[in-house]
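The values are calculated or read from the model by the stated rules, or taken from the named source; none is laboratory data. Worth saying up front: this structure is predicted, and the values here are computed from it rather than measured. A quick note on method: Cβ atoms are made from the backbone with ideal geometry, for glycine too, and the neighbour counts reach across all protein chains shown. Surface areas here come from the heavy atoms of the whole protein model, side chains and all, with no ligands, DNA or RNA. Shrake-Rupley method; radii C 1.70, N 1.55, O 1.52, S 1.80 Å.
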Amino acid sequence: MGLKQMKEKENIGIDYFRIIAAILVITIHTSPLLSVNETADFILTRILARSAVPFFFMATGFFLFPQNNLKPFKYNKSVLKIVKLYGIAILLYLPLNFYAGYFADKAVPIKILKDILFDGTFYHLWYFPAVILGIGVIVFLIKHCRFHIVGFITVILYLIGLFGDSYYGVIAHIPFLKAFYDILFLFSDYTRNGLFFAPLYLFMGIWLSTHRRRYSFKIKMVGFLLSLALMMAEGLLLHHFSIQRHDSMYIALIPCMYFLFQLLLFCKGKSNKNLRTISMLIFIIHPWCIVLIRGFAKIIKAQSILIDNSIIHFIAVTFLSIIVAVILNKLWNKLKMPSFQEDRAWVEINLSNLHHNVVQLKNILPKGCEIMAVVKANAYGHGDVRIASELQKSDVNAFAVASLSEGIHLRKNGIKGTILILGYTCPQEAAKLVRYHLTQTIIDYNYAVALNQYGKKIKTHIKIDTGMNRLGENFNHIDEIAGMFHLPNLIIDGMYTHLSSSDSMLNDDINFTIQQIENFYSVVNKINVLGYYPPKIHIQSTYGVLNYPELNCSYARIGVAIYGLLSNETDQTEVKIDLHPVLSIKARVSIVKNISSNQPVGYGRKFISDSPMKIATVAIGYADGIPRNITCGSVLIKGEKVPIIGNICMDQLTIDVTNIPEVCQGDIVTIIGQDCGEIISGEQAARQAGTITNELFSRLGERLERVYIFN
Ligand SMILES: *Cc1c(COP(=O)(O)O)cnc(C)c1O
């Protein structure tokens, strides 16, 4: 899981800003411009730098849930991590607490409780209880309210917070309000806490992760600069009239953060875990660094430079904090063992290639014809929810699945638009079709009658059997087909057929396909004459599009090509497009061995060495979907193609690495995909297994983790 979540994200802009935000927090605690100009320092540390903590809240919210999906609450792990970090930070600052006389006070137990729950036991540590409580509030609200209501409640909480913070002066002379806030301050020294401050920004982070807005860079930049200017005006005015009790919360901070975060999302690139860790470390340790720099200055009697000059003081603290953070991060990385178990074998899904294929396919489709992405069988092994939600970003709004449960699975995970079930759904399940807004294929007249009996409106597409003799009402049965339009409970949204031989370039097959197409259009025409106009008409799947591109339909039901594949290596097509394979299969070497000549390898002693050789066992097998009948198969390791030897086992296979001396345990082996210049294509692997890519990929094991990457 860890690997997957890490690789899924590609928002390097957010990671860069984490470092900036951590440094902004240092400015708050060192006031760099104080010895230059007080107002300038106020603008920097009490206004601009106030973006830092809301940014951290938003980043937390942004990564709290899997994208496009609020259902499976995976927040437990992240919260536990924050709690642990908070615990460590509390311990880290105990010596300074002691030194400052923290425990000398009488009411210590109550104070400690209050600090741990709200204010933090050291001045910067309030962030941790705030984010923990904030997540608690958000998760509670999301479980119990509609999403926009959650947003509304967080805004109200923020408003309450504002009047205890920057706007306190406004209510301070209204007795009952003042009394209310006085009670609040008994529990928490400030309102910039986990109840009034964090929830809104956490929510904004979640919101941006689930609802991508498509405004241009320019609009966002203008929005950001405008709200920044507004915030400066707001802060200076409030300061001027001495309205602030504290200066963490502003009204203009909300749009400011909204636009800033969106701008950061423009900066794409593989996210960097080191930046994340280092920024968090800088945040945690910088008060210690302030103490150390001050102590050091006293020892070497350089107070006038290192302390009194606020700029130099700030630079020294920042420098020390970064150095210590980088060193700690290095140590931590060294300590952590690579997690082999998790990386036994996996599937890498390149989403940039998915988007590329969509663009290529859209280019060849006639105007008005949309892609209906076929995501049956777990999107041919690629992971249906992630693929569908990624396709939605490429403006694909129709999907086809094989079964009711596949359709429900997509809906439950937030996939919108049309979802057509290509197969048979038992009429007793009609309620689920309605509940999940699924579109059902009518497979013949009797089935239409049975579905109609459910009594509620059901969206359907009629399937016409034009010669494949699989599902569909026979194209000659015009009365039956017309009869379906009389059934009051069926919303007939489309009509389609499926071609059985559109992949073939043989004359016979081409004639047969043309006949199928004619049969279908004759049905459409006859139905039109009777006054029925099914809105959506579709015929082609991948090969239909590539070999019969001129057909003018509402949809093309494209499966295998979206994943960057053809079914067979040798297939020729009328239209040639540049497809990029989306999926690669990788596994690790679990052991390397030297064997002498005449040694058998694996079950049945199918392979016998004829000279001394070096072999490696790879942790992937037929239970993961690598067909056992692959003969003369090969894999890539260290950019070289090497043969698979012996029988493929359930969980492992063996390769010959005699010619690659540097191979060792943990090395990555590419079963399908690219390694340096070498490639093993899905089509090649399918040929070696005596099948087509469609079968090979749809049978990939559930045991393989799907790791999503971008170029
Ligand atoms: C699977 C399927 C498709 C997709 O076929 P590809 O060749 O993968 O594009 C289209 N239509 C129907 C009815 C299917 O069953």
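The rows are residues; the columns are (1) β-branched (Val, Ile, Thr); (2) part of a loop (DSSP other than H, G, I, E, B).
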residue	(1), (2)
ASP571	no, yes
VAL592	yes, no
ILE615	yes, no
ILE626	yes, yes
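The single residue among ILE537, ILE585 that is outside any loop (DSSP other than H, G, I, E, B), closer than 30 Å to ILE655 by Cα and in contact with a Gly (Cβ under 8 Å, 6 or more places away or on another chain) turns out to be ILE585.
So for segment 523-542 (the condition being more than 13 Å from the ligand (Cβ to nearest atom), closer than 27 Å to CYS426 by Cβ and without any contact (Cβ under 8 Å) to a residue 40 or more places away in the chain), does at least one residue qualify? So far as segment 523-542 goes, no, none of its residues is more than 13 Å from the ligand (Cβ to nearest atom), closer than 27 Å to CYS426 by Cβ and without any contact (Cβ under 8 Å) to a residue 40 or more places away in the chain.
Within segment 265-274, does at least one residue satisfy the condition of being open to solvent by 10 Å² or more (accessible area, probe 1.4 Å), in a loop (DSSP other than H, G, I, E, B) and of a type in the set (A, V, I, L, M, F, W, C)? Checked against the condition, which is being open to solvent by 10 Å² or more (accessible area, probe 1.4 Å), in a loop (DSSP other than H, G, I, E, B) and of a type in the set (A, V, I, L, M, F, W, C), segment 265-274 yields at least one hit. Scanning segment 415-443 for residues that are touching a helix residue (DSSP H, G or I) at 6+ places or on another chain (Cβ under 8 Å), open to solvent by 10 Å² or more (accessible area, probe 1.4 Å) and small (Gly, Ala, Ser) yields a single hit, GLY417. On the stretch given as segment 340-378, residues that are of a type in the set (S, T, N, Q) and within 16 Å of the ligand (Cβ to nearest atom) total 3. Residues that are charged (D, E, K, R), closer than 15 Å to MET58 by Cβ and either open to solvent by 40 Å² or more (accessible area, probe 1.4 Å) or not in a loop (DSSP other than H, G, I, E, B) (or both) are absent from segment 233-248 altogether. Is there a residue in segment 641-655 that is on the phi < 0 side of the Ramachandran plot, among the acidic types (Asp, Glu), more than 16 Å from the ligand (Cβ to nearest atom) and open to solvent by 30 Å² or more (accessible area, probe 1.4 Å)? Within segment 641-655, one or more residues are on the phi < 0 side of the Ramachandran plot, among the acidic types (Asp, Glu), more than 16 Å from the ligand (Cβ to nearest atom) and open to solvent by 30 Å² or more (accessible area, probe 1.4 Å). Taken over segment 481-517, the residue count meeting the criterion of being open to solvent by less than 70 Å² (accessible area, probe 1.4 Å) and either more than 16 Å from the ligand (Cβ to nearest atom) or assigned to a strand (DSSP E or B) (or both) is 14.
Annotation: of all residues in segment 248-296 being of a type in the set (Ser, Thr, Tyr) and within 16 Å of VAL53 (Cβ to Cβ), the one that is nearest to the chain's Cα centre (by Cα) is TYR258.
Inside segment 444-467, can you point out the residues that are of a type in the set (D, E, K, R) and either open to solvent by less than 20 Å² (accessible area, probe 1.4 Å) or over 20 Å from LEU499 (Cβ atoms) (or both)?
Passing the criteria: LYS456, LYS457, LYS459, LYS463, ASP465.
Scanning segment 161-183 for residues that are surrounded by fewer than 17 Cβ atoms within 10 Å (Cβ to Cβ) and closer than 21 Å to PRO255 by Cβ turns up just one, VAL170. Within segment 549-570, if we keep just the residues that are hydroxyl-bearing (Ser, Thr, Tyr) and open to solvent by less than 20 Å² (accessible area, probe 1.4 Å), the residue that is nearest to the ligand (Cβ to nearest atom) turns out to be SER567.
Considering only residues in segment 468-480 that are open to solvent by 30 Å² or more (accessible area, probe 1.4 Å) and either within 16 Å of the ligand (Cβ to nearest atom) or modelled with pLDDT under 95 (or both), the one that is nearest to THR441 (Cα to Cα) turns out to be LEU471.
Considering only segment 197-214, state which residues are of a type outside the set (Lys, Arg), assigned to a loop (DSSP other than H, G, I, E, B) and touching a residue at least 40 places away in the same chain (Cβ under 8 Å).
PHE197
Scanning segment 399-414 for residues that are among the aliphatic types (A, V, I, L, M) and either in contact with a Gly (Cβ under 6 Å, 6 or more places away or on another chain) or buried (at least 22 other Cβ atoms within 10 Å of the Cβ) (or both) yields ALA400, VAL401, ALA402, LEU410. For segment 354-388, name all the residues that are more than 20 Å from PRO581 (Cβ to Cβ) and open to solvent by less than 40 Å² (accessible area, probe 1.4 Å). LEU365, PRO366, CYS369, MET372, VAL385 - these are the residues of segment 354-388 that are more than 20 Å from PRO581 (Cβ to Cβ) and open to solvent by less than 40 Å² (accessible area, probe 1.4 Å). In the set (1) at positive phi; (2) in contact (Cβ under 8 Å) with a residue 40 or more places away in the chain, the condition left unmet by GLY417 is number (2).
Taking each residue of segment 264-279 that is closer than 16 Å to SER352 by Cβ and looking for partners that are surrounded by 15 or more Cβ atoms within 10 Å (Cβ to Cβ) and among the charged types (D, E, K, R) with beta-carbon atoms closer than 7 Å, six or more apart or interchain, yields LYS268/GLU10; GLY269/GLU10; LYS270/GLU10; SER271/LYS9; SER271/GLU10; SER271/ASP15. Selection of segment 389-440 for residues being within 16 Å of the ligand (Cβ to nearest atom), more than 22 Å from ILE537 (Cα to Cα) and within 19 Å of the chain's Cα centre (by Cα) yields only LEU410. The residues of segment 607-635 that are loosely packed, with under 12 Cβ neighbours inside 10 Å and modelled with pLDDT of 95 or more, listed by number, are ASP610, SER611. Note on segment 594-606: residues that are outside any strand (DSSP E or B) and surrounded by fewer than 15 Cβ atoms within 10 Å (Cβ to Cβ) amount to 7. The single residue among VAL131, VAL137 that is under 22 Å from the mean Cα position of the chain (by Cα) and assigned to a helix (DSSP H, G or I) turns out to be VAL131.
Can you name every residue in segment 693-703 that is surrounded by fewer than 21 Cβ atoms within 10 Å (Cβ to Cβ) and touching a residue at least 24 places away in the same chain (Cβ under 8 Å)? Result: SER698, ARG699, GLY701, ARG703.
Of the residues making up segment 648-685, those that are more than 27 Å from LEU565 (Cα to Cα), without any contact (Cβ under 8 Å) to a residue 60 or more places away in the chain and part of a loop (DSSP other than H, G, I, E, B) are THR658, ASN659, ILE660, PRO661, GLU662. Scan segment 78-87 and give yes if some residue there is open to solvent by less than 20 Å² (accessible area, probe 1.4 Å) and modelled with pLDDT of 95 or more, otherwise no. Yes: one or more hits.
If you go through segment 88-118, how many residues are open to solvent by 20 Å² or more (accessible area, probe 1.4 Å), under 21 Å from LEU186 (Cβ atoms) and either acidic (Asp, Glu) or touching a Gly at 6+ places or on another chain (Cβ under 9 Å) (or both)? Going through segment 88-118 one residue at a time, the tally reaches 3. Just one of (1) of a type outside the set (Asp, Glu); (2) in a helix (DSSP H, G or I); (3) open to solvent by 10 Å² or more (accessible area, probe 1.4 Å); (4) touching a Ser or Thr at 6+ places or on another chain (Cβ under 9 Å) fails for ASN528. It is (4).
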